[in-house]
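For reference, the structure discussed in these notes is given below.
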Amino acid sequence: MDEGRFYGFPVFGVPGFKFGKYHHLEEETDPDEMDREAHDYDERLLRDFAERYFPDGCGPTMDLQTCMFTNIEDNHFVIDVHPDYPQVSFASPCSGHGFKFASVVGEIMADLAETGLTRHDVSLFRLDRLTRPAWRAKLDRPAVVSDGQPPDRQETPRSFPRARDVRPFW
């Protein structure tokens, strides 16, 4: 969407819903120096979004707060197994951003701890993407092999196998 990326979800026991905009002002700040005041322009941006996409749910603002995310360079999580100790799995879901995904990150981590497999494709969150230069990563994953055919899916590096038959706990 042209306005950027928004998120939202209902809040138990409260009429309406919570929503916000990812990287609203694209700020990088020291947590001790952050402007923690919600401003009129913040509310206007969110209200414009609500009026456009949720006109029937666009009532009065009940609360307006700032939120600070911690992020790594590519704004994604790190979920992987340790490169030297495959029995160790870890996740860094990155504070405010990760909170929204806590249930699925927890499921993934439980899968990895119990079986070393997960039904979720977490290849995007591999640790080694942060340690390899982007040009090197492209060389490591050719789009076409020498005979002109697409590479076999097995050539795509993965942190661990993806289980096709693992069912979520709910």
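Values in this text are rule-based calculations from the coordinates and carry no lab data. Because the structure is a prediction, the values reported are computed rather than measured.
Distant-in-sequence amide contacts of Val78, defined by a placed amide H-H separation under 5 Å and a gap of 5 or more residues or a different chain, comprise Ser92. Once the Cα-Cα distance is subtracted from the 0.36 nm per residue extended length, the Asp121 to Glu43 segment shows a gain of 24.5 nm.
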